[in-house]
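Here's the structure, in structure tokens; my notes come after.
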Amino acid sequence: MFDLQEELLLKRAFASYHRALAAALPCEEELEPINLSERLEKRIKRLLYHQKHFYYTWINTAAKRVACILTAVLSIGTIAAVGIGHLNATNTNFDVETYEGGTTYVFHSRTRRKGDPFVHKAPAYIPAGYTLIEDKSDANETGLVYEGKGLDYLFYGQYESGMQYNVKTKDITYQSITAVGEYEGYIFENEFTTLLLFNDGEYLYLINGTLSREELYLVAESIVGGEEK
Amino acid sequence: MLFFYLSLVDLPEEKIRVEEIYHCYKKLIKYIAFSKLESEELAEEVVHEVMLAVINNIKKLQAMEMEEIKGFIYLATRNISHDIFRKEKRREAENIDDLQLPMQAVGDPQDSLGEQVILDCIAAMPPIYRDILELTVYYGLSLQECAKLLKISQAAARKRLERARAIVRAKLEEGEEQYV
């Protein structure tokens, strides 16, 4: 390691070096004719989008409470019941609260009690070409990250009673009440990803990824019938 | 891949900063990459890879001015371009610094002799040593982060840093003897 004096000298030297570098590199006017392809702009847009959105917060939040933010545009009247299976009114375990700019979904289990051991579940079905790259699970939640080709991904989360999910309604292109088997859920979509939020009375599940809705449902249905992790 | 960087960008300010950096430097990155690779497609691949490197190191870059970040952008672009060049051409690449920018590093007139000695030293230093020194001392990256960016092992990064330190120390001692 350098001593403080040497380090200071080096930092100042690099500052001078950077000034010379900046002078040698082309200026803004010289770079003006350079164009980037639409393909690249789309890729970068997707990259910037992914680093902005809830998936990052979901995985990396230090707090145990889940606070996910999706940007979406809420069009009044677009919520519609989409039946994949039948909604069972007795399985309504979400407290839904709408506020200006968003909605909060809080899951309450009617069967689990505080202190009951958390039984980890994993989806039995994962689409072809996806591999598990990270297991973020701990004693009270399950978090599995799967990677597909390119920027394709799948995230599966399983959470306890009391967890909440926040949706900021801006730029969501599709949103609906849905069901997985007999259990209640919600589906949200935007330009790049789809998110399925549902519960089985005991746990809250979240599946998000670049999959189609149909694939997402297949994953979801395999959890409900899935085995312990 | 993208997911390895997931844990790193989780503050709104950082996310906005990444976007600012992209919009400010995307053309410069492509220019530098194209001058090395002479391929539009490969140059754009470099743009994507450099943005991943920015995301990966945004916590260190967040507090810096855009002009200071330019040095990081240049360093990352040069190294990533060199890496792609080696892979594409399947042969040993020429000097990584073959962009041959007409640079003349001149210190601030207020600088002490020691500062000018170090400035001359880093300007003349082989890029593989200068880069590791710049990343660790100026940008504050760890050896692990440097290794990831430069696509070398941590052991190789450590060796390069040790060599870079030795070069600087030797120059400083030489400078002291000369000017005493």
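The values are calculated or read from the model by the stated rules, or taken from the named source; none is laboratory data. Please read all numbers here as calculations on a predicted model, not as lab measurements. Methodologically, a virtual Cβ is constructed for each residue, glycine included, from the backbone with ideal geometry; neighbour enumeration extends over all protein chains shown. Each accessible area value is taken on the protein alone, full model and side chains, heavy atoms only, with ligands, DNA and RNA left out. Shrake-Rupley method; radii C 1.70, N 1.55, O 1.52, S 1.80 Å.
Odds and ends about this structure:
- Rounded to the nearest 10 square angstrom, B:GLU67 shows an accessible area of 110 square angstrom against a 1.4 Å probe.
- Remark: for residue pairs A:LYS114/A:LYS168; B:LYS27/B:LYS70; A:LYS11/B:LYS15; B:LYS30/B:LYS148; B:LYS26/B:LYS159; A:LYS11/B:LYS70, the C-alpha separation exceeds 23 Å in A:LYS114/A:LYS168; A:LYS11/B:LYS15; B:LYS26/B:LYS159.
- The accessible-area ordering, largest first, of the residues B:ARG160, A:ARG19 stands as A:ARG19, B:ARG160, per a 1.4 angstrom probe.
- Local net charge near A:GLU221, Cβ-Cβ under 12 Å (Lys/Arg +1, Asp/Glu -1): -4
- Taking all protein chains into account, the per residue accessible area for segment A:88-200 stands at 45 Å² (1.4 Å probe).
- Backbone N under 16 Å from the A:THR111 label point (7 Å along Cα→Cβ), restricted to segment A:185-205: A:185, A:198-205
- Label-point separation in nm, A:ALA23 to A:TYR174, each point 7 Å along Cα→Cβ: 5.8
- The distance between label points at B:GLU13 and B:LYS87 comes to 3.4 nm (points 7 Å beyond Cα on the Cα→Cβ vector).
- Amide hydrogen neighbours beyond the local backbone of A:GLU184, cut-off 5 Å, H modeled: A:ASN88, A:ASN199
- Nearby lysines by direct alpha-carbon distance to B:LYS89 (threshold 18 angstrom, same-chain neighbours under 8 apart not counted): B:LYS36, B:LYS151
- Taking a ≥ b ≥ c as the square roots of the eigenvalues of the alpha carbon gyration tensor, segment A:109-176 is oblate, as a/c is not under 1.5 and a/b does not beat b/c.
- Gyration tensor (alpha-carbon) shape descriptor, segment A:98-229, a/c threshold 1.5: oblate
- Rough spin-label spacing in nm, given labels placed 7 Å along Cα→Cβ, for A:GLU214 and B:ALA155: 5.1
- Heavy-atom accessible area buried between chains B and A is around 5100 Å² (1.4 Å probe, both sides summed).
- Peptide B:22-29 is shielded by partner chain Cβ atoms: per residue, an average of 4 of them sit within 10 Å of its Cβ.
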